[in-house]
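Engineer: My questions will all concern the structure given below.
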Amino acid sequence: MSASGMTGTLPPMPKPVLADTGPLYALADPSDQYHLHAHRQLEQLTASGRYVAITFLTLAESYTLILRRLGTAYAHVWLQQAVDGSSTINPEPADYIRAADLIMAYADQPITMFDAVAAAVAERLSLAVWTYDRHFDLMRSKRWR
(Lines give C-alpha, C1' and ligand atoms only; values in the text may rest on other atoms or scores of the structure.)
Protein backbone atom coordinates (compact mmCIF):
# COMPACT_ATOMS: atom_id res chain seq x y z
CA MET A 1 0.00 0.00 0.00
CA SER A 2 1.32 3.42 -0.84
CA ALA A 3 1.84 6.04 1.83
CA SER A 4 -1.01 8.08 0.36
CA GLY A 5 -3.40 5.16 0.92
CA MET A 6 -2.58 4.79 4.60
CA THR A 7 -4.99 6.01 7.23
CA GLY A 8 -4.31 6.92 10.83
CA THR A 9 -1.02 7.90 12.31
CA LEU A 10 2.13 5.98 12.96
CA PRO A 11 3.04 5.37 16.59
CA PRO A 12 5.71 7.74 17.90
CA MET A 13 9.28 6.52 17.60
CA PRO A 14 10.76 5.50 20.94
CA LYS A 15 13.19 8.09 22.25
CA PRO A 16 16.36 7.22 24.14
CA VAL A 17 17.34 8.47 27.57
CA LEU A 18 21.09 8.70 28.07
CA ALA A 19 22.11 6.84 31.23
CA ASP A 20 24.87 7.95 33.54
CA THR A 21 26.90 5.55 35.67
CA GLY A 22 24.96 6.28 38.89
CA PRO A 23 21.67 4.66 37.84
CA LEU A 24 23.46 1.87 35.97
CA TYR A 25 25.48 0.97 39.05
CA ALA A 26 22.42 1.29 41.31
CA LEU A 27 20.55 -1.18 39.10
CA ALA A 28 23.42 -3.65 39.44
CA ASP A 29 24.16 -3.44 43.17
CA PRO A 30 21.37 -4.57 45.53
CA SER A 31 23.15 -2.83 48.42
CA ASP A 32 23.23 0.56 46.67
CA GLN A 33 21.01 3.17 48.33
CA TYR A 34 19.34 3.92 44.98
CA HIS A 35 18.84 0.29 43.91
CA LEU A 36 15.03 0.13 44.28
CA HIS A 37 14.64 3.71 43.07
CA ALA A 38 16.66 2.92 39.92
CA HIS A 39 14.50 -0.14 39.20
CA ARG A 40 11.31 1.92 39.58
CA GLN A 41 12.74 4.57 37.29
CA LEU A 42 13.68 1.98 34.68
CA GLU A 43 10.13 0.65 34.76
CA GLN A 44 8.78 4.21 34.32
CA LEU A 45 11.21 4.85 31.51
CA THR A 46 10.20 1.76 29.55
CA ALA A 47 6.49 2.21 30.33
CA SER A 48 6.67 5.66 28.75
CA GLY A 49 8.02 4.13 25.53
CA ARG A 50 11.60 5.20 26.07
CA TYR A 51 14.77 3.13 26.14
CA VAL A 52 18.23 3.38 27.67
CA ALA A 53 21.19 4.61 25.66
CA ILE A 54 24.73 4.52 27.03
CA THR A 55 27.89 6.14 25.69
CA PHE A 56 30.76 3.71 25.35
CA LEU A 57 32.67 5.77 27.93
CA THR A 58 29.85 5.40 30.46
CA LEU A 59 29.67 1.69 29.66
CA ALA A 60 33.40 1.40 30.39
CA GLU A 61 33.16 3.44 33.60
CA SER A 62 30.15 1.45 34.85
CA TYR A 63 31.71 -1.90 33.98
CA THR A 64 34.93 -1.00 35.78
CA LEU A 65 33.06 0.13 38.90
CA ILE A 66 30.99 -3.07 38.94
CA LEU A 67 34.08 -5.19 38.29
CA ARG A 68 35.96 -3.62 41.21
CA ARG A 69 33.08 -3.63 43.68
CA LEU A 70 31.05 -6.71 42.76
CA GLY A 71 33.56 -9.04 41.12
CA THR A 72 34.45 -10.44 37.73
CA ALA A 73 31.61 -12.92 37.22
CA TYR A 74 28.97 -10.36 38.21
CA ALA A 75 30.56 -7.70 35.98
CA HIS A 76 30.58 -10.03 32.97
CA VAL A 77 26.88 -10.83 33.37
CA TRP A 78 26.09 -7.13 33.82
CA LEU A 79 28.10 -6.21 30.73
CA GLN A 80 26.22 -8.70 28.56
CA GLN A 81 22.87 -7.44 29.88
CA ALA A 82 23.88 -3.82 29.33
CA VAL A 83 24.96 -4.46 25.75
CA ASP A 84 21.84 -6.52 24.98
CA GLY A 85 19.39 -4.20 26.74
CA SER A 86 20.49 -0.76 25.63
CA SER A 87 21.62 1.25 22.68
CA THR A 88 25.27 2.27 22.70
CA ILE A 89 26.55 5.59 21.41
CA ASN A 90 30.09 6.24 20.30
CA PRO A 91 31.00 9.85 21.06
CA GLU A 92 32.31 11.89 18.15
CA PRO A 93 35.64 13.73 18.30
CA ALA A 94 33.81 17.05 18.74
CA ASP A 95 32.11 15.65 21.85
CA TYR A 96 35.50 15.34 23.54
CA ILE A 97 36.37 18.95 22.66
CA ARG A 98 32.98 20.11 24.01
CA ALA A 99 33.59 18.00 27.14
CA ALA A 100 36.94 19.71 27.72
CA ASP A 101 35.21 23.09 27.33
CA LEU A 102 32.59 22.07 29.91
CA ILE A 103 35.25 20.90 32.35
CA MET A 104 37.20 24.15 31.99
CA ALA A 105 34.03 26.25 32.30
CA TYR A 106 33.47 24.67 35.73
CA ALA A 107 37.11 24.36 36.74
CA ASP A 108 36.23 24.59 40.43
CA GLN A 109 34.13 21.40 40.16
CA PRO A 110 35.43 17.80 40.01
CA ILE A 111 33.62 16.96 36.76
CA THR A 112 34.95 13.77 35.18
CA MET A 113 35.64 13.38 31.49
CA PHE A 114 33.10 10.52 31.53
CA ASP A 115 30.34 12.87 32.68
CA ALA A 116 31.40 15.77 30.50
CA VAL A 117 31.41 13.60 27.37
CA ALA A 118 27.96 12.23 28.28
CA ALA A 119 26.73 15.82 28.73
CA ALA A 120 28.21 16.79 25.35
CA VAL A 121 26.58 13.80 23.62
CA ALA A 122 23.25 14.56 25.29
CA GLU A 123 23.50 18.17 24.17
CA ARG A 124 24.37 17.24 20.57
CA LEU A 125 21.59 14.65 20.27
CA SER A 126 19.03 16.58 22.38
CA LEU A 127 18.73 13.73 24.88
CA ALA A 128 17.70 13.81 28.50
CA VAL A 129 20.18 12.28 30.95
CA TRP A 130 19.22 9.72 33.61
CA THR A 131 21.56 10.62 36.44
CA TYR A 132 21.86 11.18 40.17
CA ASP A 133 24.86 13.48 39.70
CA ARG A 134 24.39 17.22 40.29
CA HIS A 135 27.24 18.02 37.87
CA PHE A 136 24.83 17.45 34.99
CA ASP A 137 22.72 20.32 36.35
CA LEU A 138 25.81 22.55 36.39
CA MET A 139 26.55 21.59 32.78
CA ARG A 140 22.93 22.46 31.95
CA SER A 141 22.03 18.97 30.76
CA LYS A 142 18.36 18.19 30.46
CA ARG A 143 17.61 15.56 33.12
CA TRP A 144 15.16 12.71 32.70
CA ARG A 145 12.87 12.52 35.71
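Engineer: When you check LEU102 against the structure, is it over 17 Å from THR21 (Cα atoms), at pLDDT 95 or above and either among the polar types (S, T, N, Q) or surrounded by 14 or more Cβ atoms within 10 Å (Cβ to Cβ) (or both), yes or no?
Structural biologist: yes
Engineer: If ALA120 passes every condition in (1) surrounded by fewer than 17 Cβ atoms within 10 Å (Cβ to Cβ); (2) in contact with a helix residue (DSSP H, G or I) (Cβ under 9 Å, 6 or more places away or on another chain) but one, which one does it miss?
Structural biologist: Going through (1) surrounded by fewer than 17 Cβ atoms within 10 Å (Cβ to Cβ); (2) in contact with a helix residue (DSSP H, G or I) (Cβ under 9 Å, 6 or more places away or on another chain) one by one, ALA120 breaks only (1).
Engineer: May I pose another question? Only one residue in GLY85, GLY71 is surrounded by fewer than 14 Cβ atoms within 10 Å (Cβ to Cβ) and at pLDDT below 95, so which one is that?
Structural biologist: Criteria check complete, one pass: GLY85.
Engineer: So for segment 51-63 (the condition being surrounded by 11 or more Cβ atoms within 10 Å (Cβ to Cβ), closer than 20 Å to PHE136 by Cα and charged (D, E, K, R)), does at least one residue qualify?
Structural biologist: Yes; the residues of segment 51-63 include at least one that is surrounded by 11 or more Cβ atoms within 10 Å (Cβ to Cβ), closer than 20 Å to PHE136 by Cα and charged (D, E, K, R).
Engineer: Under 7 Å between Cβ atoms, which residue pairs at least 6 apart in sequence (or on different chains) link something in segment 107-120 that is without any contact (Cβ under 8 Å) to a residue 24 or more places away in the chain with a partner that is assigned to a loop (DSSP other than H, G, I, E, B) and small (Gly, Ala, Ser)?
Structural biologist: Qualifying pairs under 7 Å: ALA119/SER141.
Engineer: Another question, if that's okay. Looking at ARG40, ARG69 in this structure, which one is under 21 Å from PRO16 (Cα atoms) and either over 15 Å from the mean Cα position of the chain (by Cα) or not hydroxyl-bearing (Ser, Thr, Tyr) (or both)?
Structural biologist: Among ARG40, ARG69, only ARG40 is under 21 Å from PRO16 (Cα atoms) and either over 15 Å from the mean Cα position of the chain (by Cα) or not hydroxyl-bearing (Ser, Thr, Tyr) (or both).
The values are calculated or read from the model by the stated rules, or taken from the named source; none is laboratory data. Keep in mind that this is a model prediction, so the values were computed, not measured. Using ideal geometry, Cβ is built from the backbone for each residue, glycine included, and neighbour counts are taken over all protein chains shown.
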